[in-house]
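Student: Following this message is one structure expressed as structure tokens.
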Amino acid sequence: MGLKSKVLIIGGTGYLGKRLVKASLAQGHETYVLQRPEIGVDIEKIQMLLSFKKQGARLVIGSFNDHRSLVEALKQVDVVICAISGVHIRSHQILLQLKLVDAIKEAGNIKRFLPSEFGTDPARMADAMEPGRVTFDDKMVVRKAIEDAGIPFTYVSGNCFAGYFVGGLCQPGHILPSRESVVLFGDGNKKSIFLDEDDIAAYTIKTIDDPRTLNKNLYLRPPANILSQREVVELWENLIGKQIHKSSLSEQEFLNMIKEQGYAAQVGLIHYYHVFFDGCLANFEIGEDAEEASVLYPDIKYTKVEDYLKIYL
């Protein structure tokens, strides 16, 4: 394939970002990580950046509040991947990427931009409920800016992060699996799609020099990980060698529960609603305008949900 692209990762100290840095280095890309002055004296982030440098990454100073610094950082690379948070319980910064789009336009050298997506495809969520839809609406604003500017792109739909969803048996507010009980969404039979975060990063980096995914959506749908909540629970039961008590939360009960929460929690819980009551991640076929990662990159040996659950034994 010739020379591999030089990659700039923005949000490189975050939950997914640090995995993207690792994957980029592992796949042999010259890897740059934006070092934002705003991190101040956050010692953990500083030490993480220094560890990236020790592993071979290059740190480049830049800030969303300094247009010129962004342009100068972008001029050093071919591809930019943004992994800033779009999760309200952490920090919701999706629209900051509009500043990045302006900088990419001025720099004029970026061959591909992968904005901060990595979850549900926002283009399929036009009917999402308030207030959860804000995440999808903001991502669509960024997409429109990218496409209006003629910037080459790939949108990565990574579906459910295993750390958040598999560990807690798909229950909000749980990240460790109970050996005693679980609450199912309805009958627990709506299909979803789960991915180890390291695999999301590996697929993402794999795609950046692939002409087949240019100006397309890349869906991450490893076949063994297209499962219902009930199937995830059954895998856990098989591993621990016992049945756990199952209760059920109806659609209306879940919606009533959401109303009692604060704004940030409501946003996240609406996403759970669409995933586990609507089945929004797996209830459609991938069209000709998109690709599926496990088909394109069979060399990536993805982690199956069953194997992911073994870390909790």
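Student: Working only within region 282-302, note down all residues that are open to solvent by less than 70 Å² (accessible area, probe 1.4 Å), in contact (Cβ under 8 Å) with a residue 60 or more places away in the chain and within 25 Å of LYS190 (Cβ to Cβ). Step through it out loud before you land on a result.
Tutor: Step one: filter region 282-302 for residues open to solvent by less than 70 Å² (accessible area, probe 1.4 Å), giving 282, 284, 286-287, 290-294, 296-297, 300, 302.
Next, from what is left, pick out any that are in contact (Cβ under 8 Å) with a residue 60 or more places away in the chain: 282, 284, 286, 290-294, 296-297, 300, 302.
Those that are open to solvent by less than 70 Å² (accessible area, probe 1.4 Å), in contact (Cβ under 8 Å) with a residue 60 or more places away in the chain and within 25 Å of LYS190 (Cβ to Cβ): ALA282, PHE284, ILE286, ALA290, GLU291, GLU292, ALA293, SER294, TYR302.
Student: Taking VAL305, is it at negative phi and buried (at least 18 other Cβ atoms within 10 Å of the Cβ)?
Tutor: Against the criterion (at negative phi and buried (at least 18 other Cβ atoms within 10 Å of the Cβ)), VAL305 qualifies.
Student: Does region 127-145 contain at least one residue that is buried (at least 16 other Cβ atoms within 10 Å of the Cβ) and under 12 Å from the mean Cα position of the chain (by Cα)?
Tutor: no
Student: In region 271-289, how many residues are of a type in the set (A, V, I, L, M) and over 17 Å from the mean Cα position of the chain (by Cα)?
Tutor: 1
Student: Another one. Assuming TYR263 fulfils every condition listed in (1) over 18 Å from the mean Cα position of the chain (by Cα); (2) modelled with pLDDT of 95 or more; (3) open to solvent by 10 Å² or more (accessible area, probe 1.4 Å); (4) not aliphatic (A, V, I, L, M) apart from one, which condition is it?
Tutor: If we test TYR263 against (1) over 18 Å from the mean Cα position of the chain (by Cα); (2) modelled with pLDDT of 95 or more; (3) open to solvent by 10 Å² or more (accessible area, probe 1.4 Å); (4) not aliphatic (A, V, I, L, M), just (2) comes out false.
Student: With the condition being out of contact with any helix residue (DSSP H, G or I) (no Cβ under 9 Å at 6 or more places or on another chain) and over 29 Å from VAL267 (Cα atoms), I'd like the helices (runs of 4 or more DSSP H) fully within region 1-93 carrying at least 3 qualifying residues. Working first, answer last.
Tutor: Values: elements: 17-26, 43-55, 67-74.
Result: 43-55.
Student: Take GLY28 and tell me if it is at positive phi and either open to solvent by 50 Å² or more (accessible area, probe 1.4 Å) or β-branched (Val, Ile, Thr) (or both).
Tutor: yes
Student: In region 213-236, what residues are farther than 30 Å from LYS111 by Cβ and open to solvent by less than 10 Å² (accessible area, probe 1.4 Å)?
Tutor: ASN225, SER228, GLN229, VAL232, VAL233, TRP236
Student: For VAL142, state whether it is out of contact with any Cys (no Cβ under 6 Å at 6 or more places or on another chain), assigned to a strand (DSSP E or B) and under 25 Å from GLU292 (Cβ atoms). Break it down stepwise before answering.
Tutor: Details: out of contact with any Cys (no Cβ under 6 Å at 6 or more places or on another chain): yes; assigned to a strand (DSSP E or B): no; under 25 Å from GLU292 (Cβ atoms): yes.
No, not satisfied.
Student: Additional query: Given (1) crowded, with 19+ Cβ neighbours inside 10 Å; (2) modelled with pLDDT under 95; (3) out of contact with any His (no Cβ under 7 Å at 6 or more places or on another chain), where does GLY11 come up short, assuming only one miss?
Tutor: Evaluating GLY11 over (1) crowded, with 19+ Cβ neighbours inside 10 Å; (2) modelled with pLDDT under 95; (3) out of contact with any His (no Cβ under 7 Å at 6 or more places or on another chain) leaves (2) as the failure.
Student: Follow-up. State which residue is nearest to MET257 (Cα to Cα) when the search covers only region 179-208 and only residues that are open to solvent by 40 Å² or more (accessible area, probe 1.4 Å) and not in a helix (DSSP H, G or I).
Tutor: Going through the qualifying residues, I end up with VAL183.
Student: Sticking with this one: Confirm whether SER24 is under 23 Å from SER157 (Cβ atoms), out of contact with any His (no Cβ under 8 Å at 6 or more places or on another chain) and hydroxyl-bearing (Ser, Thr, Tyr).
Tutor: Numbers: under 23 Å from SER157 (Cβ atoms): yes; out of contact with any His (no Cβ under 8 Å at 6 or more places or on another chain): yes; hydroxyl-bearing (Ser, Thr, Tyr): yes.
Yes, satisfied.
Student: Still on this structure, I have one more. Evaluate the following for ASP278: is it surrounded by 15 or more Cβ atoms within 10 Å (Cβ to Cβ) and touching a residue at least 24 places away in the same chain (Cβ under 8 Å)? Break it down stepwise before answering.
Tutor: Working: surrounded by 15 or more Cβ atoms within 10 Å (Cβ to Cβ): yes; touching a residue at least 24 places away in the same chain (Cβ under 8 Å): yes.
Yes; evaluated as a whole, the condition is true for this residue.
Student: Still on this structure, I have one more. Pairs needed: first member in region 179-206, within 20 Å of ILE300 (Cβ to Cβ); second member anywhere, assigned to a strand (DSSP E or B) and at pLDDT below 95; C-beta distance under 6 Å; at least 6 residues apart or different chains.
Tutor: Every condition considered, no pair remains.
Student: When region 152-178 is examined, which residues are found to be in contact with a Phe, Trp or Tyr (Cβ under 8 Å, 6 or more places away or on another chain), in a loop (DSSP other than H, G, I, E, B) and open to solvent by less than 10 Å² (accessible area, probe 1.4 Å)?
Tutor: Across region 152-178, the qualifying residues are GLY158, VAL166, GLY167, LEU169, CYS170.
Student: How about region 239-260: which of its residues are in contact with a helix residue (DSSP H, G or I) (Cβ under 8 Å, 6 or more places away or on another chain) and either within 19 Å of LEU176 (Cα to Cα) or open to solvent by less than 30 Å² (accessible area, probe 1.4 Å) (or both)?
Tutor: LEU239, GLN243, ILE244, LYS246, PHE254, ILE258
The values are calculated or read from the model by the stated rules, or taken from the named source; none is laboratory data. The model shown is predicted, which means the values in this text are computed figures rather than measured ones. With ideal geometry, Cβ positions are generated from the backbone for all residues, glycine too; neighbour counts draw on all protein chains shown. We work out accessible area using only protein heavy atoms, side chains counted, and drop any ligands, DNA or RNA first. Shrake-Rupley method; radii C 1.70, N 1.55, O 1.52, S 1.80 Å.
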